[in-house]
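The values are calculated or read from the model by the stated rules, or taken from the named source; none is laboratory data. Everything numeric in this text was worked out from a predicted model, so none of it was measured. Cβ placement follows ideal geometry from the backbone for every residue including glycine, while neighbour counts extend to all protein chains displayed. Remember, those area values only see protein heavy atoms, side chains included, never the ligands or the DNA or RNA. Shrake-Rupley method; radii C 1.70, N 1.55, O 1.52, S 1.80 Å.
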Amino acid sequence: MDAKIAAHPLGSERVREAHRLIEEYGHDRGRVSSGLAQRGLPSLRELGSLQVRHTLSWWWLHRRRNRLAWRLARLRR
């Protein structure tokens, strides 16, 4: 399950790095946009598009992983 999450578009290293940069720069949209462009990362528009298209599958993967972990924990009791 972790491999599927890592291979998911929202789990890609480029997207994760973009989110780290956004966290670091805060609400300064101009600074964020130029920082993303300088590093060759997806733009804010691209990140938004990825979010809209892939959030449901991202949620399902995490839900399945959590459910499997819960089942394994119950088996170990």
Quick one: count up the residues across segment 1-18 that are small (Gly, Ala, Ser), under 30 Å from ARG71 (Cα atoms) and in a helix (DSSP H, G or I).
-> 4
Condition met for LEU21 (within 24 Å of ARG67 (Cα to Cα), without any contact (Cβ under 8 Å) to a residue 40 or more places away in the chain and in a helix (DSSP H, G or I)) | no
Filter segment 16-69 down to the residues that are of a type in the set (S, T, N, Q) and open to solvent by 90 Å² or more (accessible area, probe 1.4 Å), then identify the one that is nearest to the chain's Cα centre (by Cα).
-> ASN66
In segment 24-62, residues that are free of Cβ contacts under 8 Å to residues at least 60 places away in the same chain, in contact with a Gly (Cβ under 9 Å, 6 or more places away or on another chain), part of a helix (DSSP H, G or I) and of a type in the set (A, V, I, L, M, F, W, C) total 2
Selected residue [at pLDDT below 95 and not polar (S, T, N, Q)] from GLY48, GLY11 | GLY11
